[in-house]
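Have a look at the structure below before the remarks.
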Amino acid sequence: MPKPIVAIVGRPNVGKSTLFNRVIGERLAIVEDIPGITRDRLYRETAWMEKTFLLVDTGGITGNKNDPLDVKVYNQVKLAIEEADVIWFVVDAREGLHPLDQEIADLLRKTKKPLILVGNKVDTYDPSLASEFYALGLGPPILVSAEHALNLGDLLDQTVAEFPVQQKEEEDAIRVALIGRPNTGKSSLLNALLGEERVIVSPIPGTTRDAIDTPFQYQGTNYILVDTAGIRRKAKVEEAVEYYSVLRAIRAVERADVVLVVLDATDFLAEQDKKVAGIAYEAGKAVILVVNKWDLVEKDDRTAKTYVEKLRTELSFLDYAPVLFISAKTGQRVQKVLPEVFNVANEFSKRIPTRALNALLREALFRHQPPSHKGQQLRVYYATQVKVKPPTFQLWVNDPSLMHFSFRRFLENQIRENFGFIGSPIHFLVRARA
Ligand code: GDP
Ligand code: GDP
């Protein structure tokens, strides 16, 4: 299910970060923190009334056009607004209407996106604080206190009510996202993939506003390339490019089954590649690593091997992802991309019968002692695959706290050796047997 994006916007000090932190609360990370991935605190996944969404914090708008840093922040806010499905425009209700609020309102009015005016710092409810914000022409503000978590339920109710209605998607289609740093060759690959021989149905609006997806058929299989408009659209402002590509990737990944992480062979594994690849990993999607511009690399018989080794070291968290070396420009091996997507998509939605799984489990436990701690040994009674996309295995054990990373790794490797799951992450849920 694609997740809507909610962006928090406003001038400095109105309480945007406080609101962000309050709403996301303390949530347990679903995936392990990977050393080396600088995790952006810019966005977090959260949920309200069983509706999951991504909350994006933005820097404060100062209106200062002379300070390069302020201009950079401003450009990033504009991009966040472009990517958002719902915008929270935060004002300081205690301090009252500020001239900058009016400027920001003018910017936001142009977006035509659902906009919720949030009057913050109302620690003691006082409806009269709302009145002067009517001048913004955005309707009445909803009064909250981020600090004391007051009225946030109303804010969230209004927010989820604005989420785009889930459109019926072509159920059998494989959804593919292309992500990567700017200039790695995503548009070129997109064009190469949508080459003439494919039957291109006319573009359909995506489930998220502004996202244009492109369905097509290849060898009898339906594919949807998500956010084709976003791949072609380049961020206009130089400094905002990185921020934009991250946000775009977050949104595209959410809506995909298989993610093609496009890397540039001539500028291989720049710092930002890790960040972009981390997005696909964290979202639990199937991944293929595509090393593009292979035509520009001087090669001998060891070159590809060296590239793979570097990938496995630098992006070790994606060790399950197959690697393709292509040239979008010359077309070299581009014809391998969709067959690989097809394979990986099948692995991603594969189900292992419970009997086969438990036979494997028994054998694995026989060969490898489960960990113990303070005289207590982990016992794994039973396993069952509870979910696909990503394949998720529930393990019934005596005490989940005895489950160690290395043992989980061992089980994961056993499952991969026996059942494949190439390109697909494997998740575990560990439960104590009642
Ligand atoms: P940002 O710059 O918009 O991200 O604002 P911050 O979240 O950093 O908050 C700015 C200041 O306002 C901090 O000192 C917060 O503690 C304070 N603040 C935020 N929300 C509230 C609130 O609901 N009530 C009160 N009294 N103070 C708040
Ligand atoms: P995007 O920003 O990721 O969409 O990248 P583009 O597709 O716009 O490509 C950026 C630049 O790299 C353009 O000048 C492309 O012509 C060039 N490019 C893309 N793929 C290849 C390739 O496989 N080989 C070579 N030599 N150039 C490429």
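No lab work stands behind these numbers, since they all come straight from the coordinates. Small disclaimer: the values here were computed from a predicted structure and weren't measured. Cβ coordinates were reconstructed from backbone atoms using ideal geometry, including for glycine residues, and neighbour counts include every protein chain displayed.
Could you give the spread of the C-alpha atoms of the stretch 307-428 along their three principal axes, from largest to smallest, in whole angstroms?
For the stretch 307-428, the Cα extents along the three principal axes come out at 61, 31, 21 Å.
Work out how much length Gln219 to Ala356 would gain on full extension: take 0.36 nm times their residue separation and subtract the Cα-Cα distance, in nm to one decimal. Mind showing how you got there, number by number?
Details: separation 137, 0.36 × 137 = 49.32 nm, distance 3.16 nm.
Additional length available on full extension: 46.2 nm.
Rounded to the nearest 500 deg cm²/dmol, what is the calculated helix-only ellipticity per residue at 222 nm for the chain, with -39500 (n - 2.57) per DSSP H run of length n ≥ 4?
Working: 12 runs with 138 residues, N = 434.
Helix contribution divided over all residues of the chain: -10000 deg cm²/dmol.
Could you tell me the calculated FRET efficiency between Tyr382 and Ala270, based on Cβ-Cβ distance and R0 = 41 angstrom, to the nearest 0.05?
Here the calculated transfer efficiency is 0.35.
So what is log10(I(q)/I(0)) for the stretch 34-150 at q = 0.11, 0.12, 0.14 1/Å, when the Debye sum runs over its Cα atoms only?
Rounded to two decimals, the profile gives -0.43, -0.51, -0.69.
With axes computed from alpha carbons, what is the tilt in degrees of helix 99-109 against the longest principal axis of the chain, rounded to the nearest 10 within 0 to 90?
On a 0 to 90 degree scale, this one is about 50.
At a 10 angstrom cut-off on C-beta neighbours, averaged per residue, how do the peptides 407-419, 375-387 rank from highest to lowest?
Values: 407-419: 16.2, 375-387: 14.7.
Highest to lowest by the protection proxy: 407-419, 375-387.
Let me know the volume per residue of the alpha-carbon convex hull for the chain, in Å³.
Details: hull volume 75.7 nm³, N = 434.
Dividing the Cα hull volume of the chain by its residue count gives 175 Å³.
Going through the stretch 98-198, which chymotrypsin sites (Phe, Trp or Tyr not before Pro) have at most 13 other Cβ atoms within 10 Å and a DSSP loop state? Please list the in-between numbers first.
Numbers: sites: Tyr125, Phe133, Tyr134; in loops: Tyr125.
Answer by residue number: Tyr125.
Using Cα atoms only, what is the angle between the long axis of helix 337-348 and the major principal axis of the chain, expressed in degrees (0 to 90) to the nearest 10?
Tilt relative to the chain: about 90 degrees.
Would you please state which residues of the stretch 308-331 a label at Leu296 would reach in this model, taking the label point 7 Å out along Cα→Cβ and a backbone N cut-off of under 14 Å?
326-330
Can you list the residues of the stretch 219-234 with backbone N under 14 Å from a point 7 Å past the Cα of Gln335, pointing along Cα to Cβ?
Those under the cut-off are 219.
Do any of Lys3/Lys299; Lys3/Lys121; Lys329/Lys387 go past 31 Å between their Cα atoms, and which? Could you put the intermediate results ahead of the total?
Details: Lys3/Lys299 42 Å; Lys3/Lys121 28 Å; Lys329/Lys387 39 Å.
Table pairs above 31 Å Cα-Cα are Lys3/Lys299; Lys329/Lys387.
Restricting to DSSP loop positions (anything but H, G, I, E, B) with no more than 13 other Cβ atoms inside 10 Å of their own Cβ, which trypsin sites (Lys or Arg not before Pro) remain in the stretch 51-89?
Working: sites: Lys51, Lys65, Lys72, Lys78; in loops: Lys65.
Loop-located and lightly packed - Lys65.
Just going by the charge dipole of the chain, with Lys and Arg at +1 and Asp and Glu at -1 on Cβ, which of Leu55, Ala345, Ala135 is farthest out on the positive end?
The Cα lying farthest towards the positive end belongs to Ala345.
Could the peptides 140-152, 324-336, 84-96, 359-371 be put in order, highest first, of the mean number of other beta-carbon atoms found within 10 Å of their residues?
Numbers: 140-152: 19.2, 324-336: 17.6, 84-96: 22.5, 359-371: 14.0.
Result, highest mean Cβ count within 10 Å first: 84-96, 140-152, 324-336, 359-371.
Below 8 Å, C-alpha to C-alpha, sequence gap of six or more: please give me the relative contact order for the chain in percent.
12 percent
Relative to the first principal axis of the alpha-carbon coordinates of the chain, what is the inclination of helix 241-254, with its axis defined by its Cα atoms, in degrees from 0 to 90 and to the nearest 10?
Approximately 60 degrees, to the nearest ten.
What's the extension gain from His373 to Leu69 if we count 0.36 nm per residue and subtract their Cα-Cα distance? Walk me through the numbers before you get to the answer.
On the way: separation 304, 0.36 × 304 = 109.44 nm, distance 5.12 nm.
Taking His373 through Leu69 to full extension adds about 104.3 nm, to one decimal.
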